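See structure below.
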């Protein structure tokens, strides 16, 4: 089918908390079957944007349509076909793995028999078949996150919202979640996720919006974001003399450079002249690599800490 | 655009799956829970009823322990609903984020608040039945009228669950609940005829007592356990129902405000 349906449409969203524009004029279109990422530093407004799209809070201005339903007015109807993986674990600690899925399914009006029929598939998807009757507090962080993902699928949703799905997980657990999320997009599910991990965004997301201070500052595929915002090559220079070298020489050989402590990030279209120059300074160490999303992110949102 | 936090409650049967969730959690700890509901009134009625009652003449034409039994029903059902609405409700709302998980499904906050009230009231019914069993076993009530204690427990539960949820909606943490127990529940217990007749109080306190819901619960329970139809039962039921409805609406508005953050 060449027909592309818009699953989520948001126009001019505004949310003000205590006089501060936490979400400040956001517009989005998310297509059926894509994985869309909201990228941004802490406090950029990613979670608030998700909560607005889900109809959990009402915007101060703007319009949202989710699966053809007006949000927040028809949020309840829309949520029948939505799954949510929240940022903070909110599994039921008193229940086993299977009971968590059974009880959550009942909130969607599903019968016990209908949920029971889905259990083996959900448990297998979450790699938790052998933990079926184990209580939640004894699960590892990765298992809990997988159970939360399985729980979000209990109603076989069309759209799945994930708020920082791999924060706090070790690399093995993270890779397993990524694999599962790719399987979901392969099955035609639409995913909307927030993250501040660039490799996660680069691997999973078909399209991304970079947010800062409640606004979208750039939007596109990972490749487009890199091509639009930054020089294609990066040379990172380290060492005690790196900063001194940069102050006197870097400007002649780079399109742009940034000094951050004892590292210098040089952004170039053609790295060749710069590499020749660096070979004149044997005490400087360097790494040459293609530009990535993290470079885009740091350029757009700055290097200073967000606290 | 802004949703109206004062909107009329949207009620539906969607609260039932949440009630069942709470029941499933409770079932895992049913033993200690039931024991508590039984032991507490036994200790009160035997200790105070026989100990203190032995030194007292008949009160309002009945033995002190019989007098106390009606108070114990009301006191126990009030406490059951209050503890559930405050401590357990706060855990579900704040600590365990159970509400947050439920709100991501097609269930609204109005359904959740209704489920909390229904569940806390269910705990009151359980407590009421436990006290009634103790009363029957001790031979303190014989008439079928005493069975009305069960629906009364539900009404008392709905009333104090609703009032308790107002406190939960305002609470920054568990410590906050001490204010409610110390400043509301304990004085109520002493002013409402649980341990001694209200007419023992100075006139001014009697006026206060007449406005408190527990007084009306006791006014219903005492005749019912003494084989009599309560004199002003319509008014008593109206007061308890009124507190329940106002409490439900006020707590819902406060929860809407709190969770809109």
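The values are calculated or read from the model by the stated rules, or taken from the named source; none is laboratory data. Treat the numbers as computed from the prediction; the structure is a model and nothing was measured. Ideal geometry is used to build each Cβ from the backbone, glycine not excepted, and the neighbour counts take in all protein chains shown.
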* Which numbered condition trips up residue A:119, out of (1) assigned to a helix (DSSP H, G or I); (2) within 13 Å of chain B (Cβ to nearest Cβ); (3) more than 25 Å from the chain's Cα centre (by Cα)? -> (2)
* **Filter result for the condition that a residue is farther than 12 Å from residue B:74 by Cβ, under 13 Å from the mean Cα position of the chain (by Cα) and modelled with pLDDT of 95 or more, over B:165, B:183** => B:165
* Within the range B:203-261, which residues are within 14 Å of chain A (Cβ to nearest Cβ) and either part of a helix (DSSP H, G or I) or under 17 Å from residue B:184 (Cβ atoms) (or both)? -> B:255, B:256, B:257, B:258, B:259
* Structure fact -> Being surrounded by fewer than 19 Cβ atoms within 10 Å (Cβ to Cβ), out of contact with any strand residue (DSSP E or B) (no Cβ under 7 Å at 6 or more places or on another chain) and more than 10 Å from chain A (Cβ to nearest Cβ) narrows B:51, B:71 down to just B:51
* **helices (runs of 4 or more DSSP H) within the range A:37-110 that include 2 or more residues at the interface with chain B (Cβ under 10 Å from one of its Cβ atoms) and either without any contact (Cβ under 8 Å) to a residue 24 or more places away in the chain or within 24 Å of residue B:10 (Cβ to Cβ) (or both)** => A:75-79, A:97-106
* **the range A:122-142, residues that are in a helix (DSSP H, G or I) and within 14 Å of chain B (Cβ to nearest Cβ)** => A:136, A:137
* To do: Report yes if some residue within the range A:226-246 is surrounded by fewer than 19 Cβ atoms within 10 Å (Cβ to Cβ), touching a residue at least 60 places away in the same chain (Cβ under 8 Å), in contact with a helix residue (DSSP H, G or I) (Cβ under 6 Å, 6 or more places away or on another chain) and within 19 Å of residue A:197 (Cβ to Cβ); otherwise report no.
  => yes
* Asked: Can you name the condition, by its number, that residue B:120 falls short on among (1) crowded, with 21+ Cβ neighbours inside 10 Å; (2) more than 14 Å from chain A (Cβ to nearest Cβ); (3) part of a helix (DSSP H, G or I); (4) touching a residue at least 60 places away in the same chain (Cβ under 8 Å)?
  -> (4)
* Go through (1) surrounded by fewer than 16 Cβ atoms within 10 Å (Cβ to Cβ); (2) at pLDDT 90 or above; (3) closer than 12 Å to residue A:293 by Cα one by one and return the number of the condition residue A:209 breaks. => (1)
* **Residue in the range B:128-139 that is over 14 Å from residue B:259 (Cα atoms) and within 14 Å of another protein chain (Cβ to nearest Cβ) present** => no
* In the range B:19-31, is there at least one residue being part of a helix (DSSP H, G or I), more than 13 Å from chain A (Cβ to nearest Cβ) and either surrounded by fewer than 22 Cβ atoms within 10 Å (Cβ to Cβ) or modelled with pLDDT under 95 (or both)? -> yes
* **All positions within the range A:240-254 that are more than 15 Å from residue A:288 (Cα to Cα) and in a loop (DSSP other than H, G, I, E, B)** => A:240, A:241
* To do: May I ask you to say which residue of A:294, A:307 is modelled with pLDDT under 85 and within 28 Å of the chain's Cα centre (by Cα)?
  => A:307
* **Residue among B:65, B:102 that alone is within 14 Å of chain A (Cβ to nearest Cβ) and touching a residue at least 40 places away in the same chain (Cβ under 8 Å)** => B:102
